[in-house]
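Only one structure is covered here, and it is reproduced in the block below.
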Amino acid sequence: MTHPRSACGASPSRGASLDTKGPVDLSCLASGRALGPGAAGKAREWTVPSLSKGGSTASARTSRGITLIESMVALTIMALLIVLGLPSFQSWLQNTQIRNAAESISAGIQRARMEAIRRNQNVRFTLVSLTDAKTMDDSCAASANGASWVISLDDPASSCSAAASDTTAPRIVDKRAAGDGGLSASVSAVAGDGTTAASAVIFNGFGRVSNASPIARVNVTSTASGSYRSLRVEVNEGGAVRVCDPGVSDTADPRKCS
């Protein structure tokens, strides 16, 4: 018996059997609908699930890279940003190294004073120069322009490589090489008159300065060219230590130097 077919999209008659056996009109698959035979010669229709993801036809996608012109534009913008930001970065680096050197010297002087009070005996802070600014060795020599320093009970000249000791000369308490964060820093230490070079300050058991022509000011600048802010470390006769800014002139500003 030949089963009648209806056009794609025709609705099956009411009461039709849900029999799924029989031929399927393949010409209707493209539209997602197909017809099959039903009971009593009635046509039956069902929907064929879509084969595409998400129920829609998947479109072919191709990957697209960047062109040579786009690469050149990106590199040009990057180069401009580097050129514009380089001076600011250099100034920041110089100011950082100046501050590192100033704070290191200030901390060393305060440490020497505290040790003198704790030990109730003279302790000296000495600025030293080194052949290699990163290595604290026996090339050290007391210098008003040395950015490295040694805290000791005796003169540390030519003996800076010695380990900290309370018995072995020069009886070093602490030391620091300038290469640790302050390679471009330039140091100039003077006595209280502001002109006489000074390389050491000695504190007694009361924490007061006890040597002649001691360090009173340590000016810290940079050996590199450019815009930077200098700092100064000041030590008064009572042993008080502070870091100040010689560029500040406002008397109400606590950063102003004496």
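The values are calculated or read from the model by the stated rules, or taken from the named source; none is laboratory data. Note that this is a predicted model, so its numbers are computed, not measured. When we count neighbours, we look across all protein chains shown, and the Cβ atoms used for this are built from the backbone with ideal geometry, even at glycine.
Evaluate region 212-222: report whether one residue or more is in a loop (DSSP other than H, G, I, E, B) and charged (D, E, K, R).
Among the residues of region 212-222, not one is in a loop (DSSP other than H, G, I, E, B) and charged (D, E, K, R), which makes the answer no.
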Residue match in region 223-235 (condition: exposed (fewer than 15 other Cβ atoms within 10 Å of the Cβ) and within 24 Å of T131 (Cα to Cα)): yes
Select from region 109-128 the residues that are crowded, with 16+ Cβ neighbours inside 10 Å and among the charged types (D, E, K, R) and list them in ascending order. R111, R113, E115, R124
So which residues in region 236-258 are among the acidic types (D, E) and surrounded by 15 or more Cβ atoms within 10 Å (Cβ to Cβ), if there are any at all? D245
Among residues of region 223-235 being among the charged types (D, E, K, R) and outside any loop (DSSP other than H, G, I, E, B), the residue nearest to A116 (Cα to Cα) is E234
Lone unmet requirement of (1) within 27 Å of W92 (Cα to Cα); (2) at pLDDT 95 or above for S249: (2)
Right, R208: surrounded by fewer than 18 Cβ atoms within 10 Å (Cβ to Cβ), touching a helix residue (DSSP H, G or I) at 6+ places or on another chain (Cβ under 7 Å) and among the charged types (D, E, K, R) or not? no
Can you give me the ranges of the strands (runs of 3 or more DSSP E) entirely in region 129-204 with at least 1 residues that are buried (at least 17 other Cβ atoms within 10 Å of the Cβ) and of a type in the set (K, R)? 172-176
So, G194, is that one more than 19 Å from S143 (Cα to Cα) and not hydroxyl-bearing (S, T, Y) or not? no
Hits in region 45-94 (condition: modelled with pLDDT of 65 or more and over 30 Å from S225 (Cβ atoms)): R64, G65, I66, T67, L68, I69, E70, S71, M72, V73, A74
When (1) out of contact with any Gly (no Cβ under 6 Å at 6 or more places or on another chain); (2) among the small types (G, A, S); (3) closer than 20 Å to V150 by Cβ; (4) modelled with pLDDT of 95 or more are applied to A240, the one that fails is (3)
Tell me which residues, restricted to region 105-144, are small (G, A, S) and touching a Gly at 6+ places or on another chain (Cβ under 7 Å). A116, S129, A133
With the structure loaded, tell me whether V243 is of a type outside the set (D, E, K, R) and either touching a residue at least 60 places away in the same chain (Cβ under 8 Å) or in contact with a Phe, Trp or Tyr (Cβ under 6 Å, 6 or more places away or on another chain) (or both) or whether it fails that test. yes
